[in-house]
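The values are calculated or read from the model by the stated rules, or taken from the named source; none is laboratory data. Just so you know, these numbers come straight off a predicted model, no measurement behind them. A quick note on method: Cβ atoms are made from the backbone with ideal geometry, for glycine too, and the neighbour counts reach across all protein chains shown.
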Amino acid sequence: MLGRFTATGQEGEDLTEEISRFIQMIGLEEAAPGRYSMLLVLALYGGAMSGKLNPAKVMWEIRALEGLGPESRMKAPIQNKHQPLKGLWHKHFMGETVAAVAANIRKGLGRFGIPYAKSKVEEARISGVEGFFSVEDLKAIAEDVVHGHWNRLSEQQALTGEWLVFARHEERNYYLGLTTHENEQHEVMRQQIDRLCCAEFPFLAQLLADAAADKPL
């Protein structure tokens, strides 16, 4: 895989060897030999260098998909049914941003409500004694909303996050790139896949064309 490209930094320096070492260090070649795009490599490398991404979180999901490690606690992989990523798959991984945490809190609230608060209200109803939430209760509610929901979603393998986009071909996964939930970012991802990934993986253009024509994949 590595012999197919050279990488150059912003100042013109040759980064090929450095990125090659990075691929080996994070275990990408070991987990999916020859089945990852340079688009993904550069996203992982750039994210690691900027401190905006922990590649280990992406590799955890790749290893889980490959049957090489512990099961994921994120949502199960999903095949995209709508353009521009129709026919491809995505697997959630946990991002480093506050938005990623907030998304799971929102999901937990929608799915579970606030169990601690509900229990206190039920206690008051049964006892017939009206009261107010104490400062300690508020601390417990905050703990339940943040950590409680996180643990509940994790136990159900339902944590949400950013997207690892991949294709399935001849019963194997080909890892293409990283994106977010936002629809406008999906169009950018598709453009990058068309321009870069289709050149790396010859089957990909036909797969995308078949998906657009609603042919069985």
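Under the condition of being surrounded by 13 or more Cβ atoms within 10 Å (Cβ to Cβ), among the small types (G, A, S) and part of a helix (DSSP H, G or I), the residues counted in segment 36-55 number 3.
Restricting attention to segment 164-193 and to residues that are surrounded by 12 or more Cβ atoms within 10 Å (Cβ to Cβ) and without any contact (Cβ under 8 Å) to a residue 12 or more places away in the chain, the residue that is nearest to the chain's Cα centre (by Cα) turns out to be Q185. Taking segment 181-192 as the range and being of a type outside the set (S, T, N, Q), assigned to a helix (DSSP H, G or I) and more than 17 Å from P77 (Cβ to Cβ) as the test, the residues that pass are E184, E187, V188, R190.
Only residues that are in contact with an Asp or Glu (Cβ under 8 Å, 6 or more places away or on another chain) and polar (S, T, N, Q) were counted in segment 169-201, giving 3.
The set of residues in segment 12-65 being closer than 20 Å to E200 by Cα and among the basic types (K, R) consists of R35 alone.
Would you check if L217 is surrounded by 13 or more Cβ atoms within 10 Å (Cβ to Cβ), outside any helix (DSSP H, G or I) and modelled with pLDDT under 90? The answer is yes for L217. When residues in segment 134-169 are screened for being modelled with pLDDT of 70 or more and more than 30 Å from Q206 (Cα to Cα), 12 of them pass.
Among L178, L196, L208, L204, which is the only one that is at pLDDT 75 or above, part of a strand (DSSP E or B) and not hydroxyl-bearing (S, T, Y)? Please lay out each step first, then the result.
Values: L196 fails: part of a strand (DSSP E or B); L208 fails: part of a strand (DSSP E or B); L204 fails: part of a strand (DSSP E or B).
Answer to the check: L178.
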